Each structure stands twice: as structure tokens, then as C-alpha cells.
Amino acid sequence: MELYVFDGTLEGILTAVFDSYERKASLVKLVSSEHHLPDAFQETFTVISEDYKAKRVWNGLIKKLDKEWMKRFYKSFLSEQPQTFQDLFDFAHYIFDNLPGAENNFGNPVVLAVSQMDRKVHREKHRMEAFIRFQQTGDGIFYAHIDPDFNVLPLISDHFRKRYADQKWIIYDLKRKYGLFYDLEKVEEITFDFTTEMSSSLNALPAQVLDPKEELYSLLWKDYFRSTNIPARKNMKLHIRHVPKRYWKYLSEKQV
Amino acid sequence: MFERIREKLEILADAAKYDVSCSSSGSNRKNHNKGIGDAEGTGICHTYTEDGRCVSLLKILLTNHCIYDCAFCVSRRSNDIKRAAFTVDEVVELTMNFYRRNYIEGLFLSSGIFKDGDYTMERLLRIVKKLRVDEKFNGYIHLKTIPGASPELLHEAGLYADRMSINLEMPTEVGLKLLAPEKSHEDVKKPLDQIQKSIVQYKDEKALIKSTPKFVPAGQSTQMVIGATPESDKRSCIPLMLSTKIFL
């Protein structure tokens, strides 16, 4: 068994697949450098991401998989789970080593794992499309921050670009410390530092940077949320299943 | 001002919350004009009430003043409740501001009837028109048809709404006469039939002329109360058969 350490990127995984064929490695354990703990008795091989290797593997996969599966591959990668990195590596091997159609063999644990992770990431993407709550700032930008389980910003960017084409907006991922900014033309990746008064622990921006009408509308939304409820049919179990508690902190209707 | 709009929203959201419809899917309206909104494809539930129902649309009445006295309705004339009415601009502004903050997928607009059908329908029409034309809103709009409104108003509303609906209220004419003596199934069937025919007509024309505008792209729906009057299940099925006739 060989231990491969890679940089945690998609190119890294694909390069690792290339290298493993080149080195004729039969059994590989793939670890991202972030999760790697050096071990005195284990030989490690460091994968250096290279574009042409990654592209060749990616194109190889395209030849054997349809578009849907390529998307699944990418979405599972965005989960950033250590086990999923290994699964994707093994999955690529399984696809290359077998006849076309192998991806439909859900009896294979790796195929199953990749497709299940894709479902999870997809669900998180859909939740973010639903649970993002913009606040209008004084300079007219609509701002929201999130802290999703998986790295879904690349997946939701199109949805928000199409939908909010006539307003500037920022969606910032606090966990991964980057965000998307739409400037009425295109979406860009941005990073910024929070000042102490705009600390990330706040679930809302401080009043002085907000549009004067913002308070009214978030209040009206809270009112609406309350009056559309039917108290006699209260069912918190069902409510929490649909809106899990970990998302409450950034939902304006859930703030007291 | 602040307080009044809050009170209005409270009254008129409360009055609309028993309406079953909340779907925001089924339309195919894209953001084609660099405006705001996109109602293509699947719906999104932006939150859920504490009783576990999906909140996808801003579901409100324009007013809960009503000239009718239907026994099954909270807004009936004889009921002693607080009354309120939004202005056209208030509804437009609420919808736009909620939508811009990603609170909702669109608007579900119903209304009690003040004065007469046309007077009310005209206001509903002005709201959807303003949203679509002035605000370039491409989100989802579900509009309730007011019984007794003229066909011209219905037709124009159909050009702006994604889904329209008018309620049969009761499975049988006899039951309806018992609980809502001022209404009749004839008043409902006519608009249902008109919208349906127009949908078919626009679809046919779309096949020939690409620039044919959309007409109620998510289709129409209806609702009725089952179990309030002593009809048997067999009798209740009659309007279902009738509705398949209308819808297919």
C-alpha cells in the first residue's frame, strides 16, 4: 500500500490517478496534505498537481461517463470529505479498469459512495438556494453570509446570477473564507477581512451599514412568517426536519 | 405608517393562510430582460412554518372586505373580524422587496370582493401588470380569478400571471347554494373554460409563431371544500370528472 499526499484540489485527485497508473501502483491511500499525519514507517509519495495530467484523466473520464456522471464526480468532490477524496480516486480507477457502463454498478461500494455524496451535496446546494437571506446595505449591495456543510458556492453561483440580474449581491462563505460578488455583469470570487464591528459571529450586519428600509422589511418578513403559521397545528418535529437547526442562525425569520 | 403596514400584512396574510396552494413550480418564465427573477423549473421552499408547511410565495389577500357571505370562509361579510386592504403599490413593493432578499419565489394573490368582481379584478390586474412591466419582475405569480369578472380582464391577467385559479368551492351546485347562496357554479365554469381555451389557443399559435407571448404557462387550478355538506363520495367525484373535462 502506498500513501499519496495531494493538495486537496480536483486537479490533485486527477493527477494522483495519472501518477498511480504511471507508477503502476496497485493499492493507494489518498490523503490531502491538510489531513496528512506523517508516519515514520510509511513511505509517502507527494502528488504535484499538473494541468496536463489532470486534463488527460478528466478527458479520459468524459469518454467513459456521460455529462450527468461528470457533474456527480465534481459535486462529490465539493463535499471536501477525506473519505470522498479516496472514493473519487477509486471510482476513477474502477471506471478506467472496466468496460463502459461500470458506473451503473451500484453494487460496487465506491460507485454507491460517490453517488450518495453527490446527493448530499446537491441537497445542501438546494438548501442554500432557499435559506440565503440578503440584507440590503447602504450602498445598495445585497449581502448574505452562509456557512454550509459543503463547498457549494460554485454550484449556486449560476442560480443567483440568473435570478438577481439587476442587483449587486455578495454571498460570503464564512467557513471557507471566500465569497461571490455579482457586479451586474459577471460573478467574481472575492475574499475580505471582517472588521471587529462586522464580526462574523453576528448573524446580521450592524444597523449603520444597512439601508434604512432594511429593518422594516426584515420585520415584515418575520411578521409574515408568524401570521402565516397555524398555531393549532404546531408540529415542531416536521418543522425541524425541513429547516434543520444548524441553519437557523442566518435565517432572519428565526431571530428573536 | 410603519405600524399600519405591519397590521395590514398580519391581517391579510392570516386570512390567506388556509388556501392550500403554495406551489411555485411548473412555469417556464426565464429572466430574459436582465430584470429580476427567474421562475424556470422547480420551485423552492424558502422556509417552513412551525406547522410544517412550505413557505414559497408571499401568500396574501388584497383585501378581506367582501360582499359575499360564504359560510366556509373567514372573510365572510357577517364575520366580526378586523378588515384591511392593501393598495396596489404596497403589494408591489412588498413583493419586490421580499423577492430581492431571497425570502420568496413570488406572489400568491387572492382577494375578497369589494363592490363587484370587475372592480376587484381590475386592481389585481394592475398589480401583476405593474410587477411585470414596470419592475421587470420574472418571478412566479399565482393569481386568483374573481368570479363575475369580465373576460377581457381575465384574458389580460393571463398574459402576466404564471398560474390562475378560480375555486369551485363546493362539489355540487346544491351544496354551494346551501353554504354560499350568492355564488353559482356557472360563474366559475365560464372563466375556467375561457382560460383553458386560451391556453390551448396560445399553445397552438406558439407552434407557428415563436414570438407568441406566454399565457398562464403553469396552467390553472381550482379548489373545493369536501365534507362540509352531506354529499356522498360518489357525488363528490362528479366535479372531478367535470374538471378533467375542463383541464384536458
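For the range B:85-101, the condition holds for at least one residue, the condition being that it is of a type in the set (Ser, Thr, Tyr), more than 14 Å from chain A (Cβ to nearest Cβ), without any contact (Cβ under 8 Å) to a residue 60 or more places away in the chain and closer than 24 Å to A:Glu215 by Cα. Screening the range A:211-230 for residues that are in a loop (DSSP other than H, G, I, E, B) and at the interface with chain B (Cβ under 7 Å from one of its Cβ atoms) and picking the one that is farthest from B:Ser56 (Cα to Cα) gives A:Ile230. Select from the range B:131-148 the residues that are buried (at least 24 other Cβ atoms within 10 Å of the Cβ), of a type in the set (A, V, I, L, M) and not in a loop (DSSP other than H, G, I, E, B) and list them in ascending order. Within the range B:131-148, B:Leu131, B:Ile141, B:Leu143 qualify.
Against the numbered list (1) at pLDDT 95 or above; (2) within 14 Å of another protein chain (Cβ to nearest Cβ), B:Glu135 comes up short only at (1).
Consider A:Asp90 carefully, then state whether it is among the acidic types (Asp, Glu) and either touching a residue at least 60 places away in the same chain (Cβ under 8 Å) or exposed (fewer than 14 other Cβ atoms within 10 Å of the Cβ) (or both).
On the way: among the acidic types (Asp, Glu): yes; either touching a residue at least 60 places away in the same chain (Cβ under 8 Å) or exposed (fewer than 14 other Cβ atoms within 10 Å of the Cβ) (or both): no.
When the stated conditions are applied, A:Asp90 does not pass them.
Taking the numbered list (1) crowded, with 20+ Cβ neighbours inside 10 Å; (2) closer than 17 Å to B:Ile141 by Cα in turn, B:Asn64 passes all entries but (2). Inspection of the range B:71-86 identifies at least one residue that is small (Gly, Ala, Ser) and part of a strand (DSSP E or B).
Of everything listed in (1) in a loop (DSSP other than H, G, I, E, B); (2) at the interface with chain A (Cβ under 10 Å from one of its Cβ atoms), the single unmet condition for B:His65 is (2). In the set A:Asn105, A:Asn98, A:Asn59, only one residue is surrounded by fewer than 18 Cβ atoms within 10 Å (Cβ to Cβ) and at pLDDT 95 or above; that residue is A:Asn59. Taking each residue of the range B:16-36 that is more than 9 Å from chain A (Cβ to nearest Cβ) and looking for partners that are loosely packed, with under 13 Cβ neighbours inside 10 Å with beta-carbon atoms closer than 7 Å, six or more apart or interchain, yields B:Ser25/B:Thr42. Scanning the range B:156-190 for residues that are assigned to a strand (DSSP E or B), of a type outside the set (Gly, Ala, Ser) and within 24 Å of B:Thr212 (Cβ to Cβ) returns B:Arg163, B:Met164. All conditions but one from (1) free of Cβ contacts under 8 Å to residues at least 12 places away in the same chain; (2) within 12 Å of chain A (Cβ to nearest Cβ) apply to B:Ala39; the one that does not is (1). When the range A:183-197 is limited to residues that are in a loop (DSSP other than H, G, I, E, B) and among the hydroxyl-bearing types (Ser, Thr, Tyr), the one that is nearest to A:Tyr143 (Cα to Cα) turns out to be A:Thr191.
There is at least one residue in the range A:143-162 that is acidic (Asp, Glu), within 14 Å of another protein chain (Cβ to nearest Cβ) and surrounded by fewer than 19 Cβ atoms within 10 Å (Cβ to Cβ). Selection of the range A:232-256 for residues being surrounded by 13 or more Cβ atoms within 10 Å (Cβ to Cβ) and in a loop (DSSP other than H, G, I, E, B) yields A:Lys234, A:Asn235, A:Val243, A:Leu251, A:Gln255. More than 10 Å from every other protein chain (Cβ to nearest Cβ) and more than 19 Å from the chain's Cα centre (by Cα): does that describe B:Glu3? Criteria met by B:Glu3.
The values are calculated or read from the model by the stated rules, or taken from the named source; none is laboratory data. Worth saying up front: this structure is predicted, and the values here are computed from it rather than measured. Note: ideal-geometry Cβ built from the backbone for every residue, glycine included; neighbour counts use all protein chains shown.
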